[in-house]
Amino acid sequence: MRTWILSIVVATTTLASRAGLAQPALPAIEEAQLVAELEAKDPRLAIVAAKVETSRADVAAARVRPNPSISIEREEPFVDGTGLATNYLRLSVPFDISGRRGRQVAAAEANVRAASSDAAQSKLEVVISGLRAFDDAARARIHVEILTSARTSLVRAVEIARQRGKAGDASGYEVQRFELELAAHDDDLASAQIELRRARTQLAALVGRSGELDAMTTLELPGSVPAAEALVAKAMNRGDLRAAKLRSESASGRVGAAGRGWVPTPTLTAGAMTVDLGDQTGTGYVVGLGLSIPVFDRGQGDRARAVADRRVADAESRWLERQIPTAVQIARATLTARIEQARRLATGQLDRLDLILVAAEAAFREGNASVVELLDAHRAARAVRIRALDLRHQVARDKHDLELALGQRL
């Protein structure tokens, strides 16, 4: 009976393998293509671009000059019931002699550069987020491949047990133990396939596609990591740090513009007039010069807001200047240590797994090893392969952490 069950298990595995081969190819995407599609289609980057456009609109608003005004007036005094009408047509043009407008334009342009620097950092964060999903999908696929390959090895061991059972060399316990191991392995494989579908669906959604999308990478280890000093030097030009410094510059410009609030704004007036002189009408001109009197509003409110904004920007700059070198050094040290750990595992254990499995199966076939020893060999091989995959996956995540700390791709 047990032998019959094992035969069914082997047959089912073979049919499932053939069915898998008949499935249509799943769409896949390379890392460079993913980055290009994220930069072109991701809605978050449209939000970032809109913020930059908003800051450019502030420049346009700062460049606007005051509108001139035109007025028509009529006055008519009466003497003994007779009115003498006077008509005025005036054109008034205010103009700035304080330099506020130029300072406001310069401050707004600095704010545009700050928004653009923030946009560069935000764009990197969006790309890194997508690459992490890309790596997760690759890790899930390789995990399924490892478990599928391990199941094939287990089925081969089942066939050995079946043959020994026919020869009377295998006990009922050994057959039952293999059944339990296969059932547990199938459960692990089912969980891994569920995770694979989730990761592929999430990756497809990131680039605006329906269904599932596979990641075309094997999570290979990076060849080398640049020196810490070079990375720190690059990181000090990070987008968010540049943006903080530019916001401070913009706020300083606004402080300067507000500080010119005590300068009066002159208004030049010119026009024509007519005067009713009884039986004649006199004509002439009107010229005038007006000055605002900055007694109450001298730009105090604008200056206070600008000073507060400058303090915030300066505080952000100081914090980033302190935090960035530490973040880069920690991320680099973690990445290099993880790469070394993954390489040690690959050279010290992965290379020996096939030989160990072959030796264990041969010993079991010849009756020199128990079922527990054979299953232990299969479990150890599976665990080491999954651990090697997890390390490669973590190296990829550590690399992205370093890229975020650096402010650019490696």
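What follows is calculated from the coordinates using simple rules that are stated; it is not laboratory data. Note that the coordinates shown come from a computational prediction; the quantities given were computed from them, not determined experimentally. Here the Cβ positions follow ideal geometry from the backbone for every residue, glycine too, while neighbour counts run over all protein chains shown.
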Helix axis angle, 31-41 relative to the chain longest principal axis, alpha carbon, degrees: 30
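Restricting to bridges with both residues inside the chain, how much of the DSSP beta-bridge set is antiparallel, in percent to the nearest 5?
Numbers: 29 of 31 bridges.
The antiparallel proportion sits near 95 percent.
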Within the set D302, D279, D314, GNM on the chain using Cα springs under 10 Å gives the largest fluctuation to D279
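For a distance above 27 Å, tell me the whole-number percent of Cα pairs in the stretch 2-406 that qualify. All intermediate terms of the calculation are to be shown ahead of the outcome.
Values: 57760 of 81810 pairs.
Taking all Cα-Cα pairs of the stretch 2-406, the fraction more than 27 Å apart is 71 percent.
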The residues I356, I194, sorted from fewest to most surrounding Cβ atoms within 10 Å, come out as I194, I356
When R113, R209 are ordered from fewest to most other Cβ atoms inside 10 Å of their Cβ, what list results? R209, R113
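Just want the ordering: F178, F364, F78, from fewest to most Cβ atoms lying within 10 Å of their own Cβ.
Working: F178 25, F364 22, F78 8.
With the sparsest Cβ surroundings first, the list reads F78, F364, F178.
Specify the longest stretch of the chain that does not include any exposed loop site, a site being one of the GluC sites (Glu not before Pro) with a non-H, G, I, E, B DSSP assignment and at most 12 other Cβ atoms within 10 Å. Don't jump to the answer; show the numbers that get you there.
Working: sites that count: E30, E220, E366.
It runs 31-219.
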Please give the helix 371-406 orientation as an angle from the longest Cα principal axis of the chain, in degrees from 0 to 90, rounded to the nearest 10. 20
Output ³J(HN,Hα) for the stretch 139-149: one whole-Hz value per residue in order, computed from phi by the Karplus curve 6.51 cos²θ - 1.76 cosθ + 1.60 with θ = phi - 60°, and x for Gly and Pro. 4, 5, 5, 5, 4, 5, 4, 5, 5, 5, 5
Treating the angle as unsigned and between 0 and 90°, give the value, to the nearest 10°, between the Cα long axis of helix 239-259 and the longest Cα principal axis of the chain. 10
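How high is the relative contact order of the chain, in percent, with contacts defined as C-alpha pairs under 8 Å that are six or more residues apart?
Numbers: 535 pairs, mean separation 96.0, N = 410.
This gives 23 percent for the chain.
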